[in-house]
Every structure is written in structure tokens, then in C-alpha cells.
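For reference, the structure discussed in these notes is given below.
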Amino acid sequence: MISRPHTARGEFGYMLVDAKTGETGLVEMSYRCFIYYRSTGSNYTVSSKSLDGDPCSTDYDSEMVTTNYLMGINYPASLQVRSDLESTDNRPARKVQFEKLLPKVHNVAMARQVITYTDQSNPLSIFGRWDLGYGETDYPKQVPDGSIDAKVASTDMVRSFMGLSGILDTKSSANGFWMLYGTPHVHGKPFIWRKSLWDGQTLRDVPDRLDGRFTLMPLYLR
């Protein structure tokens with residue numbers, strides 16, 4: 001399962017995986033409806049819970065919820081949640097890119113490539129930047145925003161540390177997930193604050209150059 005951080009205006013989506021059984025799920029919610037998708041390897045079953053007594057539709061975007069994957073693009077898969085929150089898909093390229101790339105993912109290395117994919121001519125991509133002022137979206141066109149990290153893990157990686165006691169051990173050899181802290185490279189460069197439109201503003205607790213590489217994160221647990 002691969003996803004960009006899955007949030008929209010007033011909505012949160014949480015993707016779930018049971019590393020023991022292989023069951024996958026997705027919870028999406030608005031201020032009045034909870035929608036739950038669940039699969040053990042076949043088509044997703046969808047259920048709903050209403051917070052106000054009115055019905056909640058279980059209709060969903062079949063391009064985002066498929067037998068093979070769940071897609072997170074900062075836009076609800078649930079048509080009900082979209083309607084409740086008047087959500088806008090202001091990163092339309094992400095769905096197209098994921099549809100093309102997700103079927104090719106068969107291992108962690110491929111997953112790392114997909115989750116950090118950036119189209120140089122359309123930086124509002126899976127791994128995207130909004131500061132450059134161009135890309136396939138109606139609005140906004142230029143704001144100091146975008147992807148700042150990426151994480152990748154597999155169920156095999158999760159299984160490897162499920163038996164840890166949780167006791168702090170700085171000498172432990174146990175590892176967790178792959179993580180990159182940094183922004184997408186566009187024309188060879190990440191986001192650099194002093195070269196941006198916002199360089200006159202005070203920079204607080206953020207590096208001037210947001211650059212990084214994938215690192216296998218140690219858990220420091222035994």
C-alpha cells in the first residue's frame with residue numbers, strides 16, 4: 001500500500017494493514033460520516049457509520065480503491081465524504097501518476113521510487129512542490145508548501161520487529177522503516193529557503209536547504 005499523506009479540508013484518512021493476516025483497510029471520515037473499507041485480498045467491502053442519524057453513502061471512487069491497492073492523494077475516495085466537505089482535487093496529476101506506477105510496485109525499492117516520483121514539468125506530483133508557481137492545478141499556484149518527507153515499509157519489515165519488548169536499547173540492531181526527510185528535486189535542486197520568494201520571512205527551526213536521502217531508521221528497541 002502506497003500513499004501520500006491522506007488529509008483534506010476537514011477530513012482524515014487512515015490506511016491500515018494487519019501484518020499478520022495481510023488484511024488491509026482504510027477509514028475516511030467527515031464531520032458526520034465514517035466510511036470503512038476492508039479487504040483480505042479480494043474486492044473491498046465498505047461500511048458506514050452516521051454521526052447524525054442521516055444515511056451515509058458507501059459509494060466510492062473505483063480508481064482509488066481497487067483489489068490491488070488503495071490510493072491516497074489528499075482527496076477522499078468516499079463520494080459521501082467528498083460531498084460533506086466540498087473537497088477539491090487540487091493535485092489531479094497524482095491519480096494519473098499512481099494509476100500508471102502502482103501496478104509496477106513489487107518490492108520496497110520500487111515503492112521508494114513511486115512515493116518520490118516528481119514530474120519535472122508538473123511539480124504538483126506524487127512527491128510534489130507548490131513553491132515553483134507552475135503545474136497542473138487551478139489553485140493555488142504558488143505557496144510555500146509541498147511534500148517534505150516520504151516513508152516506505154513492507155509487512156515483512158513490520159513482522160521483523162513485532163516481537164520486540166519495547167525496551168529502549170541504543171545498541172539494538174533492530175530497524176523500522178525507510179524514511180526520507182527533504183523536498184522533491186526539481187531541475188536538480190530541493191526547496192532552498194534563501195532562494196525562494198519567502199526569504200525575507202524569519203526561518204524558524206527548519207533548515208535552509210530541505211534535502212535528504214532514504215535512510216533505514218533504527219528503532220533503538222529490544
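Which residue out of S78, S48 is at pLDDT 95 or above, touching a Phe, Trp or Tyr at 6+ places or on another chain (Cβ under 6 Å) and either over 14 Å from Y14 (Cα atoms) or open to solvent by less than 30 Å² (accessible area, probe 1.4 Å) (or both)? Show your work before the answer.
Details: S48 fails: touching a Phe, Trp or Tyr at 6+ places or on another chain (Cβ under 6 Å).
After ruling out the rest, the residue left standing is S78.
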Practice prompt. State which residue is nearest to L210 (Cα to Cα) when the search covers only the stretch 126-137 and only residues that are touching a helix residue (DSSP H, G or I) at 6+ places or on another chain (Cβ under 9 Å) and not small (G, A, S).
Written response: F127
Worksheet item: Hey, among V143, V108, V114, which residue is at pLDDT 90 or above and more than 14 Å from the chain's Cα centre (by Cα)?
Response: V108
Response to the item:
Of the residues in the stretch 133-152, those that are surrounded by fewer than 17 Cβ atoms within 10 Å (Cβ to Cβ) and either over 18 Å from F177 (Cα atoms) or touching a Ser or Thr at 6+ places or on another chain (Cβ under 6 Å) (or both) come to G133, Y134, E136, D138, Y139, P140, K141, Q142, V143, P144, D145
Practice prompt. Being in contact with a helix residue (DSSP H, G or I) (Cβ under 9 Å, 6 or more places away or on another chain) and closer than 15 Å to T116 by Cα is the filter here, so list the residues in the stretch 86-102 that pass it.
Written response: Q97, F98, L101, L102
Response to the item:
In the stretch 169-187, residues that are within 15 Å of the chain's Cα centre (by Cα), of a type in the set (A, V, I, L, M) and open to solvent by less than 40 Å² (accessible area, probe 1.4 Å) total 1
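Going through M162, M157, M217 one at a time, which residue ends up being open to solvent by 60 Å² or more (accessible area, probe 1.4 Å), touching a residue at least 12 places away in the same chain (Cβ under 8 Å) and not in a loop (DSSP other than H, G, I, E, B)? First the steps, then the outcome.
Numbers: M162 fails: not in a loop (DSSP other than H, G, I, E, B); M157 fails: open to solvent by 60 Å² or more (accessible area, probe 1.4 Å).
Criteria check complete, one pass: M217.
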Worksheet item: Name the pairs whose Cβ atoms lie under 9 Å apart, with the first residue in the stretch 104-125 and farther than 19 Å from G212 by Cβ and open to solvent by 30 Å² or more (accessible area, probe 1.4 Å), the second at pLDDT 95 or above and part of a helix (DSSP H, G or I), and 6 or more positions between them or separate chains?
Response: K104/M110; K104/Q113; K104/V114; V105/A111; V105/Q113; V105/V114; M110/L101; D119/Q97
Worksheet entry | Of all residues in the stretch 202-214 being at pLDDT 90 or above and open to solvent by 90 Å² or more (accessible area, probe 1.4 Å), the one that is nearest to the chain's Cα centre (by Cα) | R213
Practice prompt. Residue by residue through the stretch 1-40, note down the ones that are open to solvent by less than 80 Å² (accessible area, probe 1.4 Å) and at pLDDT below 85.
Written response: I2, S3, R4, P5, H6, T7, A8, G10, E11
Worksheet item: Which members of the stretch 171-208 meet the condition of being assigned to a strand (DSSP E or B) and either within 30 Å of N107 (Cα to Cα) or touching a His at 6+ places or on another chain (Cβ under 7 Å) (or both)?
Response: N175, G176, F177, W178, M179, L180, Y181, V186, K189, F191
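The values are calculated or read from the model by the stated rules, or taken from the named source; none is laboratory data. Just so it is clear, the structure is predicted and the values come from calculations on it, not from any experiment. Quick reminder, even Gly has a Cβ in these numbers, built from the backbone with ideal geometry, and neighbours come from all protein chains shown. With ligands, DNA and RNA removed, areas are computed over all heavy atoms of the protein, side chains included. Shrake-Rupley method; radii C 1.70, N 1.55, O 1.52, S 1.80 Å.
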